[in-house]
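Colleague: After the structure tokens below, expect a handful of questions from me.
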Amino acid sequence: MQDVTTTAFMQVIGRRGAPDWFVTEYFRVHETSTPEEAIVDSILNHATGRPVFAQIIGEDVPHIVRTIHLLTRLPIAGIDLNMGCPAPKVYRKNVGGGLLRDPEKIDQILGAMRAAIAGTFTVKMRIGFDGMQHFDRILSLIAKHRVDLLTVHGRTVKGMYWSEVDYSAIAHAVRSVPCPVIANGDVTSAQKATHLLKETGAWGMMMGRHAIRNPWVFRQWREHQQGQPVYQPTLQDVRIYIQELAEVCCDAAKATEKQAGRLKKFLNFIGLAVDAEGKFLHAMRRTETMRDLLQCCDEFLLGAQASTHYPVEPYRGLVARPTRETQQTCEF
Ligand SMILES: Cc1cc2nc3c(=O)[nH]c(=O)nc-3n(C[C@H](O)[C@H](O)[C@H](O)COP(=O)(O)O)c2cc1C
């Protein structure tokens, strides 16, 4: 996730039971692009022991191929094409989710990528741009170009992050392509992942925002699968997690308001399971300095409630409202 899956964040997640693999933030591909150093660093130094896929976003075929040659020198598990980013700044340039309007272009890009990637080639897509009129055609291109793994986020680009996820469309993709399909979109917990595996027939699940909220979820998933007791973090564990995020994901050289803004980006999701009324979300959004923000975390997560279990599902009705500070910085 852009501006989230940094080296430091991967390390924080890794310490709580990493996913089976990670996908990097996207490398932007255009005429003058070179692989962003910070993303290269996340590949080299995440120290989780898990494989990492390098994600690219772009539409210029020669430069995509040039970038693939640069990225394959790195210790990556494969290369992933982003066909889902819904930020208008991105899709207006016909990259990310914008590509889903243009199957002919997808045909060219997938063909060139398949020819350039000797190893594992994966694609992450949404089910369409503003409807599903090209879905079947795009799935046939995934098959034609022998993509090795397809992740489907069951929303359209216009559905952003909030429309209902169409799991039947993911099930349709599973039946339509020869490669394994990973289901994505509102996979909130290990229990829901188990249910969705059956419902969609998918090979696996990808988690985004809910892994920010609950970094123990991958461990819980493994325990759940193996019939072992599932680890239940407490609110105190959540406070420790937040402290780590504050220390390693916020730049101490920046103004305290900026640091607080960055931490709120994570808290916006974490807060969905702190209290049912959303009081923590309300209070934390109103703080301005790091000191006040961390004190607010202490008030809601420590003291009498420190040993309260942190629920596996978010509370109903709460929303991770993007604010000026927490808005996704998705640019191209
Ligand atoms: C802050 C943020 C950044 C994201 N950046 C990327 C990205 O760079 N590449 C990508 O494929 N998806 C990106 N996504 C989308 C997620 O990977 C995922 O598809 C989406 O959030 C739905 O899954 P979820 O319900 O588990 O969050 C991003 C999502 C968020 C919230």
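Colleague: For Y315, which sequence-distant residues (separation of 5 or more, or a different chain) have an amide H within less than 5 Å of its own amide H, given hydrogens modelled in the peptide plane?
Modeller: Residues meeting the criterion, in which the H sits 1.01 Å from N, are A273.
Colleague: Let me ask another. Compute the whole-percent fraction of alpha carbon pairs in the range 235-305 spaced more than 13 Å apart.
Modeller: 60 percent
Colleague: Can you give the angle from 0 to 90° between the axis of helix 135-144 and the longest principal axis of the chain, with both taken from C-alpha atoms, to the nearest 10?
Modeller: 70 degrees
Colleague: On a 0 to 90° scale, report how tilted helix 167-176 is relative to the longest principal axis of the chain, with both axes built from alpha carbons and the result rounded to the nearest 10.
Modeller: For helix 167-176, the angle is close to 30 degrees.
Colleague: Here is a further query. Per DSSP H run of at least 4 residues, take -39500 (n - 2.57); add these up for the chain, divide by its residues and hand me the 222 nm value, nearest 500 deg cm²/dmol.
Modeller: -12500 deg cm²/dmol, from helical runs alone.
Colleague: Net charge within 15 Å of I43 by Cβ-Cβ distance, Lys/Arg positive one each and Asp/Glu negative one each, not counting I43 itself?
Modeller: Taking every other residue near I43 into account, the sum is -3.
Colleague: Still on this structure, please answer the following. Dipole magnitude of the range 7-215 about its Cα centre, charges +1 at Lys/Arg Cβ and -1 at Asp/Glu Cβ only, in debye to the nearest 20? Before the final figure, lay out the partial values.
Modeller: Numbers: 24 positive and 19 negative charges, 55 e Å.
About 260 debye.
Colleague: Give K105/K144; K89/K192; K124/K192; K89/K158; K105/K158; K158/K198 a once-over and call out the pairs whose C-alpha atoms are over 23 Å from each other.
Modeller: Cα-Cα > 23 Å for K89/K192; K158/K198; rest within.
Colleague: When the Kirkwood hydrodynamic radius is evaluated over all pairs of different C-alpha atoms of the range 7-215, what value in angstrom, to one decimal, is obtained?
Modeller: After inverting the pairwise mean of 1/r, the radius is 17.2 Å.
Colleague: Next question. What are the lysines whose alpha-carbon lies under 18 Å from the alpha-carbon of K265, with same-chain residues fewer than 8 places away excluded?
Modeller: Cα-Cα hits under 18 Å: K254, K279.
Colleague: Tell me, rounded to the nearest percent, the portion of alpha carbon pairs in the range 164-287 spaced more than 19 Å apart.
Modeller: Distances greater than 19 Å cover 58 percent of the Cα pairs.
Colleague: Taking the Cα centre of the range 235-305 as the origin and placing charges on Cβ (Lys, Arg +1; Asp, Glu -1), which of A276, C297, A260 is farthest toward the positive end of the dipole?
Modeller: About the Cα centre, the residue reaching furthest to the positive side is A260.
Colleague: Counting Lys +1, Arg +1, Asp -1, Glu -1, what net charge surrounds K279 among other residues with beta carbon under 13 Å of its beta carbon?
Modeller: -1
Laboratory data are not the source of any read-out in this text; all were calculated from the coordinates shown. Since this is a predicted model, take the numbers as computed values, not measurements. When we count neighbours, we look across all protein chains shown, and the Cβ atoms used for this are built from the backbone with ideal geometry, even at glycine.
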